[in-house]
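**Student:** Quick one: structure below, then a few questions.
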Amino acid sequence: MKDVSDAELVETGLLERARRFDPEALRALHDRFYAPVYRYVHFKVADPQSSEDLTSEVFVRVLEALKRGMEWRTTPAAWIFGIARHVVADHYRKRMRQAEVELDDGLTMPGEDGPIARVVVAEEYEALAKAIGSLTDEQRDVILMRFMEGLSIQDVAAALDKTPGAIKGLQHRALRALSHSMLYDSSEDVAGGGL
Amino acid sequence: MSGDVNWGIETDPDTILALALDRVSAGESLGSILSSAGADAEWLEPLLVAAITIRRMRGAVPVPSGEASLAGFLARARRVAPKSVAKPVLRPWWTRLSDVLRLPAGFAPRLASVAMSILLVAFALISGLTLFLGSPSAVAAQNVLPGQIVYPLKRLGEDILLSLPQSSQSRSAKVAE
């Protein structure tokens with residue numbers, strides 16, 4: 001029997017109430033998923049304004065799906081991330097003829113307290129953003145959902161319409177590519193700094 | 001790669017990595033996982049470090065307040081929410097009757113109380129009669145003779161029975177008795 005976490009129970013209850021358009025449940029649902037969805041979209045499209053617009057679009061689609069009586073097959077998180085993935089895909093389809101924005105161009109630096117901490121975190125963040133940008137689309141999905149947002153392998157599989165076995169393979173290849181990219185990037189910096 | 005006791009009989013690298021990541025999620029330190037990973041530690045280490053780095057950078061992503069998104073979301077919800085069908089209010093019969101009869105305002109409650117009083121009196125009469133006719137004293141009164149104390153009671157019972165609506169055959173039988 002599948003273990004159901006407390007968070008999953010709360011999220012399922014929220015979605016059930018949101019289906020009846022209970023304003024409090026809709027507000028709680030938005031509060032719970034806004035930041036995770038934004039982060040996912042942010043790493044997929046880079047531009048902060050587009051990230052905000054697309055995140056709002058995800059919630060509009062959630063609303064429309066609830067109105068149509070659509071069911072979530074696994075967990076609410078997997079269902080909402082699946083919708084977010086489709087929203088991003090639609091966004092790229094619309095912009096197919098336009099030049100793609102480099103991922104690291106649009107990423108805003110995080111605001112940490114203290115100049116040294118800010119520089120360290122900003123450098124690490126920049127390196128990570130660049131490394132994530134070098135992944136394939138599917139690998140990036142797995143990395144963001146699985147490690148940035150902590151979804152289970154089953155949930156990621158449901159969101160991406162794949163089997164859990166395929167997700168295990170994807171996460172292995174994605175982490176290998178990511179670690180290679182981060183290592184390569186930092187060794188380039190060392191070599192550049194020495195000159 | 002693998003063959004270490006820590007992963008049991010598992011030899012598939014994808015599964016070994018998934019098991020190691022589960023231990024990271026459970027809060028086990030990287031050093032502890034790697035020290036027990038045997039020959040797998042070498043290839044696992046950079047992958048686990050990458051996974052931990054991503055998780056650590058989660059809080060560094062600048063997320064906007066989301067107020068505008070929430071306002072738009074709730075406004076949209078109000079627009080698309082199915083309109084609730086107003087249920088007809090069921091008015092009591094006396095107010096409807098009062099409307100039909102065009103009685104003055106405030107008369108309806110009095111109409112209701114009068115009707116209830118009539119109903120209660122009728123119910124009490126019927127109940128009393130049923131109890132009296134079916135009671136043991138009434139049965140006993142069938143064998144009394146004129147001059148006895150309960151004889152008027154017997155006559156009263158007979159009169160009431162004869163006055164009730166019934167078939168002519170049973171009425172003749174009652175008269176014959």
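**Student:** Could you go through the range A:58-66 in sequence order and give the Karplus-derived ³J(HN,Hα) for each residue, using 6.51 cos²θ - 1.76 cosθ + 1.60 with θ = phi - 60°, rounded to whole Hz, and x for Gly and Pro?
**Tutor:** 4, 5, 5, 5, 4, 4, 5, 5, 5
**Student:** Still on this structure, please answer the following. Between their Cα atoms, which of A:Lys94/A:Lys162; A:Lys130/A:Lys162; A:Lys67/A:Lys94; A:Lys67/A:Lys130 are more than 32 Å away from each other?
**Tutor:** The answer is A:Lys67/A:Lys130.
**Student:** Compute, for A:Lys168, the solvent-accessible surface of its heavy atoms (probe 1.4 Å) with the complete set of protein chains present, and express it in square angstrom to the nearest 10.
**Tutor:** Counting only protein heavy atoms, the figure is 60 Å².
**Student:** Moving on to the next point. Inside 10 Å of the C-beta atoms of A:29-40, what's the mean count of C-beta atoms belonging to other chains?
**Tutor:** Partner-chain Cβ atoms within 10 Å, mean over residues of A:29-40: 4.
**Student:** Another question about this same structure. Leaving ligands, DNA and RNA out of it, rank A:Trp79, B:Trp94 by accessible area with a 1.4 Å probe, largest first.
**Tutor:** I get B:Trp94, A:Trp79, largest accessible area first.
**Student:** Another question, then. What distance in nm separates the simple spin-label points at B:Leu164 and A:Arg17, each placed 7 Å from Cα in the Cβ direction?
**Tutor:** Result for the modelled spin labels: 6.2 nm.
**Student:** Per-residue Cβ counts within 10 Å, from other chains only, averaged over A:9-19: what number is that?
**Tutor:** The per-residue average across the peptide is 0.
**Student:** Buried accessible area for the B:A pair, summed, 1.4 Å probe, in Å² rounded to 100?
**Tutor:** Chains B and A together bury roughly 3500 Å² of accessible area.
**Student:** Another question, if that's okay. Quick check on packing: order A:26-37, B:110-121, A:60-71 by the mean number of other C-beta atoms within 10 Å, highest mean leading.
**Tutor:** By packing density, highest mean first, the sequence is A:26-37, A:60-71, B:110-121.
**Student:** Here's something else I'd like to know. Could you please report the charge total around B:Gly66, scoring K, R as +1 and D, E as -1 over all other residues with beta-carbon less than 14 angstrom from its beta-carbon?
**Tutor:** Neighbour charge sum, excluding B:Gly66 itself: -2.
**Student:** Please work out the FRET efficiency for the pair B:Arg79 and A:Arg173, using the Cβ-Cβ distance as r and a Förster radius of 30 Å; give the result to the nearest 0.05.
**Tutor:** Given R0 = 30 Å and the Cβ-Cβ separation, E is 0.10.
**Student:** List the residues of the range B:62-78 whose accessible area drops by at least 20 Å² when all protein chains are present, compared with their chain alone, using a 1.4 Å probe and counting only protein heavy atoms.
**Tutor:** B:Pro62, B:Val63, B:Pro64, B:Gly66, B:Ser69, B:Leu70, B:Phe73, B:Leu74, B:Arg76, B:Ala77
**Student:** From the phi of every residue in the range B:12-20, what ³J(HN,Hα) in whole Hz does the Karplus formula 6.51 cos²θ - 1.76 cosθ + 1.60 yield, where θ is phi - 60° and glycine or proline is x?
**Tutor:** 6, x, 4, 6, 4, 5, 4, 5, 5
**Student:** Here's a follow-up. With all protein chains present and a 1.4 Å probe, how do A:Thr55, A:Thr136, B:Thr95 order by accessible area, largest first?
**Tutor:** A:Thr136, B:Thr95, A:Thr55
The values are calculated or read from the model by the stated rules, or taken from the named source; none is laboratory data. A quick note: this is a predicted structure, and the numbers were derived from the prediction, not measured. So basically every Cβ, Gly included, is an ideal-geometry build from the backbone, and we count neighbours across all protein chains shown. For accessibility, only protein heavy atoms count, side chains too; no ligands or nucleic acids. Shrake-Rupley method; radii C 1.70, N 1.55, O 1.52, S 1.80 Å.
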